[in-house]
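The values are calculated or read from the model by the stated rules, or taken from the named source; none is laboratory data. Worth saying up front: this structure is predicted, and the values here are computed from it rather than measured. No Cβ is skipped: glycine too gets one built from the backbone with ideal geometry, and neighbour counts run over all protein chains shown. Ligands, DNA and RNA are stripped out before the accessible areas are found, and what is left, the full protein with its side chains, is counted by its heavy atoms. Shrake-Rupley method; radii C 1.70, N 1.55, O 1.52, S 1.80 Å.
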Amino acid sequence: MGTDRPSATGTNIEGETPQTEPAIDTDEATLTDDAELERTLGLTGGLAIGIGTMIGAGIFVFPGLAAGRAGPAAAASFAIGAVVALLVALPASELATAMPKSGGGYYFISRGLGTLAGAVVGLSLWFGLVFATAFYLVGFGYYAVDTLAELGIAVGEGLVIPIAVLFGAGFTVLNVTGTENAAKLQNGIVALLLSILVAFLGYGGLDAVGLVGDQAAPEQFAPFGAMPVFTTAALVFTSYLGFAQVATVAGEIKDPGRNLPLAMVGSVVIVGVLYVVTIFVATSAFGGERLAELGETAMVEVGRHYLGTAGAVAIVFGGLLATMSSANASVLSTSRSIYAVSRDALLPQRASRINLRYGTPHVALGMAGGPILVLTATGRVELLAEVASFLHLLMYGLICVALIALRRDEPEWYDPDFRVPGYPLVPALGAICSFALILFMQPTSQLVGVAIMLVTAGWYLYYARDVDLKGKL
């Protein structure tokens with residue numbers, strides 16, 4: 001691919017024009033004017049990114065909340081979320097191999113559907129990631145308090161929010177001072193987490209089916225009927241937000257036509273199986289009603305039920321690592337979302353300023369960290385999770401629509417290494433399922449999500465209505 005692609009045009013209210021980076025893609029690297037991204041990530045590296053950003057809340061924070069809503073059928077809720085994520089992962093893979101750019105879903109939508117859709121998604125994604133990060137931080141606060149309790153230091157739930165806010169500020173500062181060490185830490189955390197989970201779920205699964213320990217008393221699969229299965233799927237979809245992060249490193253993946261879709265689909269399948277087994281093991285231990293009473297750290301008691309104190313400590317440690325990993329990764333993703341939008345002149349371009357000492361987008365990190373701390377202070381776990389899901393489902397649905405639009409127009413520059421099998425059925429189903437899942441959310445979450453969309457659309461019309469991004473690389 002060459003550099004003779006059409007460039008974004010127009011100016012925002014401050015007279016700024018989109019900054020473009022002409023790219024040349026080769027088998028060894030993605031070359032731009034000011035950087036060379038070597039293709040060093042194989043399938044394993046891509047899977048680690050997807051799994052690492054998804055493994056947290058679904059396993060360690062949601063079982064109590066989800067089982068309280070749907071009983072054992074919460075396992076089906078996680079399966080529904082995985083199917084929707086898979087239907088989006090395939091179109092996102094095609095778009096990522098055609099446009100290996102930072103910005104991911106925002107970039108695909110702005111170039112496929114135009115600047116208004118891009119602005120709503122890009123700015124909403126900023127808020128969506130802020131809500132998701134706040135949710136992870138509150139979960140981290142609960143696990144931190146439980147960790148102290150396991151160590152014999154009873155501090156009560158009054159410290160959950162102060163701890164969450166303190167560590168949120170710490171993760172923001174960590175990302176400002178550079179992400180290389182944080183990335184190494186993240187890989188280690190993922191490996192350790194998977195080891196803990198495979199051992200725990202393996203034993204818990206054998207116990208749940210009666211092969212070891214006592215036979216669990218059967219509980220009605222869907223005690224509250226079918227509707228809560230879908231409303232719970234809408235709540236827990238936050239657990240699947242990480243697979244799209246693989247697309248943001250498309251320029252660094254070896255053989256992207258093969259490895260990118262395999263990494264995105266594979267990470268959803270692996271994490272989806274872990275989630276379903278976790279709910280099965282948890283509801284076999286206590287039943288939905290008891291799990292709901294135990295709340296955000298129900299899995300600690302599930303661990304204690306199966307493996308005694310060692311099981312409780314392992315889950316407390318795993319939950320602390322997982323929520324910390326998800327929160328840290330999301331702070332980074334939020335800042336990169338702001339960075340991509342500001343480079344396209346939809347926000348003031350000073351937001352994409354790079355810190356000369358650390359080489360990180362410090363203004364964008366500040367714009368991420370501030371709102372995260374404010375929302376974390378509310379402690380509204382379910383609202384935070386659902387609004388994050390709403391805004392991401394909007395983006396995922398529009399990714400599928402963008403693919404259909406680009407396939408229909410087939411511009412000269414559109415030359416993906418991977419094409420979705422089953423087109424147009426797969427992207428059409430992905431769009432329908434993403435938008436449909438929003439309808440099952442709580443009215444408050446829907447109102448907050450719609451309000452954010454209206455505010456972002458209003459901002460675009462005021463600030464950047466003359467900027468043209470459609471079809472412009």
Given a Förster radius of 35 Å and the C-beta distance between T177 and E14 as r, what FRET efficiency does 1/(1 + (r/R0)^6) yield to the nearest 0.05?
-> 0.75
Along the charge dipole of the chain, which of I196, V420, L437 sits closest to the positive end, that is, farthest toward it, with unit charges on the beta carbon of Lys, Arg, Asp and Glu (+1, +1, -1, -1)?
-> L437
In order through region 139-149: 3J(HN,Hα) via Karplus (6.51 cos²θ - 1.76 cosθ + 1.60), integer Hz, x for Gly, Pro | x, 4, x, 4, 5, 5, 5, 5, 4, 4, 5
Using 1/(1 + (r/R0)^6) with R0 = 22 angstrom and r between the beta carbons of A226 and T444, what's the FRET efficiency to the nearest 0.05?
-> 0.45
So, relative contact order of region 47-463 in percent, Cα under 8 Å, 6 or more apart, is 37
What's the angle, to the nearest 10 degrees (0 to 90), between helix 227-236's Cα axis and the longest principal axis of the chain?
-> 60
Listed peptides 380-389, 428-437 by packing density, highest first (mean Cβ within 10 Å) = 380-389, 428-437
Compute the length gained on full extension between R419 and L43: take 0.36 nm times their separation in residues and subtract their Cα-Cα distance, giving the result in nm to one decimal.
-> 133.6 nm
Any idea what angle helix 180-208 forms with the longest principal axis of the chain, computed on alpha-carbon atoms, 0 to 90 degrees, nearest 10?
-> 40
What do you reckon, how do R350, R343 stack up by accessible area (1.4 Å probe), largest on top?
-> R350, R343
Helix-only CD estimate at 222 nm, as mean residue ellipticity for the chain, using -39500 (n - 2.57) per DSSP H run (n ≥ 4) = -23000 deg cm²/dmol
Just one of (i) 68, 47, 43; (ii) 86, 54, 41; (iii) 98, 69, 53 is Cα extents along the principal axes in Å as worked out from the coordinates here. Which one is it?
-> (i)
In nanometres, the difference between 0.36 nm per residue of separation and the alpha-carbon distance of L454 and E410 is 12.8 nm
How large is the dipole of the chain about the Cα centre if only Lys and Arg carry +1 and Asp and Glu carry -1, each at its Cβ, rounded to the nearest 20 debye?
-> 440
Between A310 and L166, 0.36 nm times their residue separation minus their Cα-Cα distance comes to what?
-> 49.0 nm
Charge dipole of the chain about the Cα centre (unit charges at C-beta), most positive-ward option of V277, V130, G105 = V130
Residues whose modelled amide H sits under 5 Å from the amide H of V467, counting only those 5 or more places away in sequence or on another chain, are T11
Two-site label geometry, L429 and A149: point separation in nm, points 7 Å out along Cα→Cβ | 4.3
R0 = 41 Å: FRET efficiency of R465 with A191, Cβ-based, nearest 0.05?
-> 0.30
On the protein heavy atoms, probe 1.4 angstrom, tell me the percent of accessible surface of the chain carried by carbon and sulfur.
-> 64
Once the whole set of protein chains is in place, how much accessible area is left on R258, using a 1.4 Å probe, in Å² to the nearest 10?
-> 120
Taking Cα atoms only, helix 43-54 is inclined relative to the longest principal axis of the chain by an angle, in degrees rounded to 10, of 60
Could you provide, to the nearest whole Å², the per residue accessible area of region 382-472 with probe 1.4 Å?
-> 45
